[in-house]
Structures are given as structure tokens and as C-alpha cells.
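Notes follow once the structure below has been shown.
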Amino acid sequence: MAAILPFISSGQESVININHITMKFGGLTAVDNFYLDIKKGELVGLIGPNGAGKTTIFNMITGVYTPTIGEIYFEDVNITGLPANTITKLGIARTFQNIRLFHSMTVFENVLIAETTKFLDYKTKTLMATTNSLKGKDLFVKIQRQNWFWPAVLGTSKYKKELKKMKEDTMLLLERVGLAEYANYPATSLPYGKQRKLEIARALATAPKLLLLDEPAAGMNPQESIELMDFINQILNDFDLSILLIEHDMKVVMGVCQRLTVLDYGKIIAQGLPDEIKHNPEVIKAYLGDDAV
């Protein structure tokens, strides 16, 4: 059985330090005393049965929920309870189990709207983080009007410079992730695996230092999963970031993760290297099953 690693205090190389957080909803404890320290450049996996509390942890990290108990430090800054848009600005981005794209927009436009977050004022960041009524181009038009309407009308040099930079950065990012040839395609016309890659590219456009991937291999065929593994390793190396990955596909987990934390009923049951976790009797019983060995 792999030993559960002790809590490690924040240090120079730590990107995020999750300090014994608990999340309660009424009488239900969804996450109980969870702790994790991720170093710069690490790819850490978070696995466990459905309902174990994995996505709840992502929601606490990104400001959707505030932990009932405990604190979260990102690069030594206490981000516990901060608004989601503030946490994004600090350098944390995420993807979701269900792909979230602007269906009425092209591949280029989907990434461009993410690029705008580098230039938006606080008011607009709040709009993007909280609005449920605006989608796709309607949201983009709202952003343009709020931030660049008069500069665009007047043709200010600042507006032209920012727009040029955003478009250049968008195309460069599409080239880096292998989607440049699809730039003018409708986002929904892409194969499923490339739609997932586009969603990850949108997260990368915010220039994160920590990327949270929530079941990126869900719905993929075996070939797409192999390509996803290569892509995850590529962005880890090329974008100078750390990754926390939730995934049920054990081939992906064992193929990319440097170490793993296993949850069951909201509690950590094991932490360790992938091979240690794979042979951990408690993990086999709770999650992997005998066929995994």
C-alpha cells in the first residue's frame, strides 16, 4: 500500500498548496480534509469513483465554491474564496467534463475571445464570470462595446495595437496546438478530439500557470486518447505550466501523470507514484478493480 504523503508547506517551487480543505453542503461532506501540493512543471492526477469529490475540489480551487474549512494558496497568495475571475487573472485556468465552446463562432474566434481576457477591465471580467444570458458573438459584442467601442470608433492607436496583438497571439497559439489549419472552421464542425483540443487552447489563451483538466478523455476513441496524451505532454513542456488532471481513462492517467491522489467518498485513500497506486489494495478495491493489476 502506497503511503499517504504528508502535507507539504508552500515553498519556492510550489505553484499551488491546498491546505486541508473540507466542503460541506448542509449535512453532506463532499470533500473531507483534502490536501495537495503541486510543484512548478508537475502533472498530478486526481482519480476516484464518480461522486468522490474531484470536481468539487476543482470548484474550490477556481472560486466557484469557498471551502467550509481550510485554505488554498496559489504561489503563496491565499486565494480561498476569491472570485472566479480574479483567480483566472492570477493564473489558474480550467476545462470542463462537457466541452464548452461558442458554437456560433469559428475556431479562431473561440480562442480570440479568450485572448481578450488579457486586456479586459475588472468590470468586464466580472461580466464574463457571472453572465448566463449572453453567449457566443453576443458576449463578444458586449465585451467590444464595453472596452473598445469609443476607441474603435475613434481609431485610437491603443485599440489598434491591442487588437493586432490579440489576433497575432490567437494565430500563434493555434499554430502551437496544431489547429491553425482549422482557424476559419465553425467550432462545431471539428471532430470531437479536436473540439477538446480547442477547449484546452482557449484555457491556454489566458496564459495560466496552473491548468485544471476535468476528464479531457471523456467520449474519446482509443486513437483520440493516444493523441490527447501526446498533446498534454506537449503543453506541459511547451507552456511552462503545471497540470492537475481528473480522468477515468487509466491508460491516459498512467501515461501522463507523474504522481496520483486517489479520493473515495471525499477522502484521500492514497497518494503516490502511478505504479504504486496501480498496485494499492485499497485503491483496487475502491476504484480500479482486480482487472487493473
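Looking only at segment 52-72, residues that are aromatic (Phe, Trp, Tyr) and not in a helix (DSSP H, G or I) come to 1 in all.
Kindly establish whether Gly45 is in a strand (DSSP E or B) and in contact with a helix residue (DSSP H, G or I) (Cβ under 6 Å, 6 or more places away or on another chain). Steps first, answer last, please.
On the way: in a strand (DSSP E or B): yes; in contact with a helix residue (DSSP H, G or I) (Cβ under 6 Å, 6 or more places away or on another chain): yes.
Yes, satisfied.
The one condition from (1) over 13 Å from the mean Cα position of the chain (by Cα); (2) at pLDDT below 95; (3) buried (at least 17 other Cβ atoms within 10 Å of the Cβ); (4) of a type in the set (Ser, Thr, Tyr) that Tyr182 does not meet is (2). Once segment 244-273 is narrowed to residues that are in contact (Cβ under 8 Å) with a residue 60 or more places away in the chain and over 20 Å from Gly53 (Cα atoms), the residue that is surrounded by the fewest Cβ atoms within 10 Å (Cβ to Cβ) is Leu273. Cβ separations smaller than 8 Å between residues 6+ apart or across chains give the following pairs from segment 160-174 residues that are more than 19 Å from Phe239 (Cα to Cα) and touching a residue at least 40 places away in the same chain (Cβ under 8 Å) to residues that are of a type outside the set (A, V, I, L, M) and surrounded by fewer than 17 Cβ atoms within 10 Å (Cβ to Cβ): Glu162/Phe119. Condition check for Lys161 on (1) modelled with pLDDT under 95; (2) under 12 Å from Asn110 (Cβ atoms): one failure, at (2).
Against the definition (modelled with pLDDT under 85, within 20 Å of the chain's Cα centre (by Cα), in a helix (DSSP H, G or I) and closer than 30 Å to Leu245 by Cβ), how does Thr126 come out, yes or no?
Working: modelled with pLDDT under 85: yes; within 20 Å of the chain's Cα centre (by Cα): yes; in a helix (DSSP H, G or I): yes; closer than 30 Å to Leu245 by Cβ: yes.
Against the criterion (modelled with pLDDT under 85, within 20 Å of the chain's Cα centre (by Cα), in a helix (DSSP H, G or I) and closer than 30 Å to Leu245 by Cβ), Thr126 qualifies.
On the given criteria, is Lys54 charged (D, E, K, R) and modelled with pLDDT under 95? It is false that Lys54 is charged (D, E, K, R) and modelled with pLDDT under 95.
The single residue among Leu213, Leu260, Leu228 that is within 13 Å of the chain's Cα centre (by Cα) and either over 27 Å from Glu181 (Cβ atoms) or of a type in the set (A, V, I, L, M) (or both) turns out to be Leu213.
Rundown of residues vs (1) small (Gly, Ala, Ser); (2) surrounded by 21 or more Cβ atoms within 10 Å (Cβ to Cβ); (3) more than 18 Å from Leu241 (Cα to Cα), yes/no style:
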{"residue": "Pro186", "(1), (2), (3)": "no, no, yes"}
{"residue": "Gly193", "(1), (2), (3)": "yes, no, yes"}
{"residue": "Ala207", "(1), (2), (3)": "yes, no, no"}
{"residue": "Leu210", "(1), (2), (3)": "no, yes, no"}
{"residue": "Gln223", "(1), (2), (3)": "no, no, yes"}
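The values are calculated or read from the model by the stated rules, or taken from the named source; none is laboratory data. The structure displayed is predicted, hence computed values, not measured ones. Note that each Cβ is placed from the backbone with ideal geometry, even for glycine, and that neighbours are counted across all protein chains shown.
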